Amino acid sequence: MAQKKKRSPRPGEAEAAPPTKRTCGTMDVHYRLLRTIPEYADARAASENQAQRAAVSPAIGRTGCTRIPVVVHVVYKTAVQNISVAQIQSQIAVLNKDFRRKNADIGTVPAPFAPATADARIEFKLAATDPAGNPTTGITRTATATTAFSDDDRVKSAATGGANAWPSDRYLNIWVCPLAGGLLGYAQFPGGPAATDGVVIRHSAFGTSGTATAPFHLGRTATHEIGHWLNLRHIWGDDGTGCAGSDLVADTPNQGGPNYGVPAFPKVSCGNAPNGDMFMDFMDYVDDRAMTMFTAGQVTRMQATLDGLRSSIGATVSCGPVIKKHEPDTIKKLEPDHIKKFEPDTIKKLEPEIKKHEPDAIKKHEPDVKKHEPDIPPIGKHEPEIPTGPGGHIPTGPGGQRQYETSGNEEGFANEQRKEERLQRIEAALAQLTHFIQQSQRPDVSKAPLRKEKRK
Ligand SMILES: [Zn+2]
């Protein structure tokens, strides 16, 4: 049980030389919170239920991408530890690659595991507005008398030599500081106290420049810890080196203990031959250059968290050009939702008829939409939460556009306009078809399933 043998660093212990072997304090923190905060166990149970529901029925997760505002609290004793803006930005850049499956080394995933890799659809941005509503760089700097912190959360409070958290329902708090005992970082799982919510990263394992030191100089410690913050467990299941533990994700192989360094593929344990451990997953303990992927199951779990205990954080944004791959799905999801809202009765009767009488009209129309609208942010499961006014109408903003929360308002409105235009075209086509169908009534079509042909 490698991770349990490690000695907990003591507060005030001198910052040692940068570690050469990964150690994460998240499970120690988890067990401490279970012992000391009764509500935490209940919140964890609720979070796990949400995750398991999502695993069975992934459709309940958010669609589109979520952009999360980040505040980086730099807590330093020496000038070197007061890391540069460039080092902080280099970390944000890594997160925006790793959580979007845009990291250049994704291609190194061994072929048998490549199909499991997935885009987590999460982006990060240094906060532009502080909790009081004032402009900010998204960075706070605090001088401390503490030589090195441990995983006891003292870095998260001004009263104990650290920096207070910003409201964790709106910001991801990242504390960057000297850590003792070879600790690279730790996270708090969803469901813990707001005042200590976030992740802590050793400055020498943060970002890709400045004080970042090999083999933890590629920003992957933050990727790993934010994975925990979004409810991911260690891939080996935190049962030491046994085969009974689980990371509660279906598409990761059962694995003995943590892997370290840069393992050679395949590395077999727990009867998982021929492909062995998925040691290149961000939630193992390998060196930065050896970890490159999240799986689809892990993404579902993270998205369930954004749908559950962390539902208040972040704004839904366009996933950008990468979404092209998923466009057919986007279109499928978009149309029934809107159709249901605007024309529930008409459409049920209308659509089966459309296929029978006017296949060409539909075919012509939809490819057009795809061609002209490559960057529409997917609309999905947030929609039922949009407040509706009398008569079920969705509130509109200036110019009649539907109102959405996005971080880039102009981009958001442009997208909304394009969506509105597309919907108008669809609705115009449907109106024509309504007329056509009214002239050739068929009594049995109302029982036909809605757009059955487009669903799997
Ligand atoms: Zn960890």
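The values are calculated or read from the model by the stated rules, or taken from the named source; none is laboratory data. No experiment lies behind these values; they were computed from the predicted model shown. Heads up, the Cβs are rebuilt from the backbone with ideal geometry, glycines too, and the neighbour counts pull from every protein chain shown.
Observations
- Every residue from region 79-128 that is more than 20 Å from I201 (Cβ to Cβ) and either hydroxyl-bearing (S, T, Y) or without any contact (Cβ under 8 Å) to a residue 60 or more places away in the chain (or both): A104, G107, T108, A111, A114, P115, T117, A128
- Flag if T63 is touching a Pro at 6+ places or on another chain (Cβ under 7 Å) and in the same structural domain as G276 (by TED's automatic domain parsing): yes
- Answer residue from region 26-57, given it is over 20 Å from I235 (Cβ atoms) and within 19 Å of the chain's Cα centre (by Cα) and is farthest from the ligand (Cβ to nearest atom) among those: S57
- Residue within region 45-53 that is in contact with a strand residue (DSSP E or B) (Cβ under 6 Å, 6 or more places away or on another chain) and buried (at least 17 other Cβ atoms within 10 Å of the Cβ) present: no
- Scan of region 198-217 for residues that are within 16 Å of the ligand (Cβ to nearest atom) and either among the small types (G, A, S) or under 18 Å from H73 (Cα atoms) (or both), ordered by number: G198, V199, V200, I201, R202, A205, F206
- Pick from region 9-33, criterion over 20 Å from G227 (Cβ atoms) and surrounded by fewer than 14 Cβ atoms within 10 Å (Cβ to Cβ), ranking: modelled with the highest pLDDT: T20
- Which numbered condition G227 misses (of (1) over 18 Å from Q89 (Cα atoms); (2) surrounded by fewer than 24 Cβ atoms within 10 Å (Cβ to Cβ)): (2)
- Identity of the residue in region 175-197, aliphatic (A, V, I, L, M) and within 15 Å of the ligand (Cβ to nearest atom), that ends up farthest from the chain's Cα centre (by Cα): L179
- Pairs are defined by a Cβ separation below 8 Å, a sequence spacing of at least 6 or placement on different chains, a first member in region 277-291 that is within 18 Å of A187 (Cα to Cα) and at pLDDT 95 or above, and a second member that is more than 14 Å from the ligand (Cβ to nearest atom) and assigned to a strand (DSSP E or B); the pairs so defined are D281/M293; D281/T295; F282/M293.
- Candidates R310, R220 - the one that is within 30 Å of W166 (Cα to Cα), among the basic types (K, R) and within 16 Å of the ligand (Cβ to nearest atom): R220
- Here region 230-244 is the region considered, the condition is being free of Cβ contacts under 8 Å to residues at least 60 places away in the same chain and surrounded by 20 or more Cβ atoms within 10 Å (Cβ to Cβ), and the residue that is farthest from the ligand (Cβ to nearest atom) is G237.
- The number of residues in region 107-138 being buried (at least 16 other Cβ atoms within 10 Å of the Cβ) and among the aliphatic types (A, V, I, L, M) comes to 7.
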